[in-house]
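Values in this text are rule-based calculations from the coordinates and carry no lab data. Here the structure is a predicted model, which means the values were calculated and not measured. Here the Cβ positions follow ideal geometry from the backbone for every residue, glycine too, while neighbour counts run over all protein chains shown.
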Amino acid sequence: MSAFDLYSEYYDLLYRDKDYRGEADYVVSLIEQFHPSAKTLLELGCGTGKHAALFEAAGYAPEGIDMSETMLEQARAQYPGLRFHQGDARSTRLTRSFDVVTSLFHVASYQTSNEDLAAYFATAKAHMAPGGIFIFDFWYGPGVLSDPPCVRVKRLEDESLQILRIAEPSLYPERNVVNVHYQVLARRRDRSEYQEIAEDHAMRYLFAPELEAALAVQGLRILALRDWMSQTAPTAKSWTACIVAGEL
């Protein structure tokens, strides 16, 4: 079962404050800069499809891949005109290539082993059309180490749900990994009992030199390294960065 299957029902509420439109606009600005003739787009780790829908609204023909079938059920219900595929970003192979491959919301950082990271990059490369680009974000190592993660509590509610989420991180510097233990308490307003979900998300913080080397193995090079949602380079205060990669 995917790490997101258990609480996919609550996913959109948990991230309702996420700036999907601003993020999609930012990615579009990178596409316009590095591949202005691009038309088709594949999203690795598409979740419930919100970015894909915004890419379509911007004039692209997007498709999405996600490991979680329950996430994809929501994506297909909300955006029936879009194509979504169930699969693992490390191994899925579709029968076509795309001008742009994107992978957002730190999918890269879920690749905690070198083997996983290599397989993930191989999937991106396998789906890139000649002259295509790959855009992905990730936890940026210098920022994570200069501002270590701490316990966070999130309380959310809407007309049907009340949710409390506690995120407790543990840092493993010998592996460049943060394990985030999530405890989620959720209650539907028409019921008295709470549902409790507990799970761990291991996240790898990454550094530019190791990404450069791993991309080169797949015949890719870094075209741009940016602070996320910025046109400038990341700094030691940047928790999230993004890379635009193209062919060597």
**OP:** Please list, ordered by first then second residue, the pairs with beta carbon atoms under 8 Å, 6 or more apart or interchain, first in the stretch 36-52 and at positive phi, second hydroxyl-bearing (Ser, Thr, Tyr) and surrounded by 23 or more Cβ atoms within 10 Å (Cβ to Cβ).
**Re:** Gly45/Ser103
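Given Arg221, Arg204, which one is touching a helix residue (DSSP H, G or I) at 6+ places or on another chain (Cβ under 7 Å), charged (D, E, K, R) and under 19 Å from Met128 (Cα atoms)? So that I can check it myself, show each step before the final result.
On the way: Arg204 fails: under 19 Å from Met128 (Cα atoms).
Within the list Arg221, Arg204, the selection yields Arg221.
To keep it simple, each residue is scored yes or no on (1) surrounded by 15 or more Cβ atoms within 10 Å (Cβ to Cβ); (2) acidic (Asp, Glu); (3) in a strand (DSSP E or B).
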| residue | (1), (2), (3) |
| --- | --- |
| Thr123 | yes, no, no |
| Ile133 | yes, no, yes |
| Trp139 | yes, no, yes |
| Pro142 | yes, no, no |
| Cys150 | no, no, no |
| Lys154 | no, no, yes |
| Glu159 | no, yes, no |
| Ile163 | yes, no, yes |
Subject >> Candidates Ser103, Ser91, Ser97, Ser29 - the one that is closer than 30 Å to Glu174 by Cα, surrounded by fewer than 17 Cβ atoms within 10 Å (Cβ to Cβ) and not charged (D, E, K, R) >> reply: Ser91
Subject >> Qualifying residues in the stretch 106-115 (those that are part of a loop (DSSP other than H, G, I, E, B) and within 16 Å of the chain's Cα centre (by Cα)) - the one surrounded by the most Cβ atoms within 10 Å (Cβ to Cβ) >> reply: Gln111
Original post:
Within the stretch 71-88, restricting attention to residues that are under 17 Å from the mean Cα position of the chain (by Cα) and surrounded by fewer than 19 Cβ atoms within 10 Å (Cβ to Cβ), which residue is nearest to Ser238 (Cα to Cα)?
Top reply: Asp88
Original post:
Within the stretch 206-222, is even one residue under 19 Å from Phe105 (Cβ atoms) and in a strand (DSSP E or B)?
Top reply: yes
Subject >> Which numbered condition Glu115 fails, given (1) touching a helix residue (DSSP H, G or I) at 6+ places or on another chain (Cβ under 9 Å); (2) among the acidic types (Asp, Glu); (3) under 28 Å from Val27 (Cα atoms) >> reply: (1)
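Among the residues of the stretch 91-108, which ones are closer than 15 Å to Ala119 by Cβ and in contact with a Gly (Cβ under 8 Å, 6 or more places away or on another chain)? Give the steps one after another, and end with the answer.
Of all residues in the stretch 91-108, those closer than 15 Å to Ala119 by Cβ come to 91-93, 101, 103, 107-108.
Answer for the stretch 91-108, where residues must be closer than 15 Å to Ala119 by Cβ and in contact with a Gly (Cβ under 8 Å, 6 or more places away or on another chain): Val101, Ser103, Val107.
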**OP:** Hey, can you tell me all the residues within the stretch 116-141 that are within 11 Å of the chain's Cα centre (by Cα) and within 13 Å of Ala245 (Cα to Cα)?
**Re:** Ile135, Phe136, Asp137
Original post:
Within the group Glu168, Glu247, Glu193, which residue is closer than 20 Å to Val100 by Cβ and of a type in the set (Asp, Glu)?
Top reply: Glu247
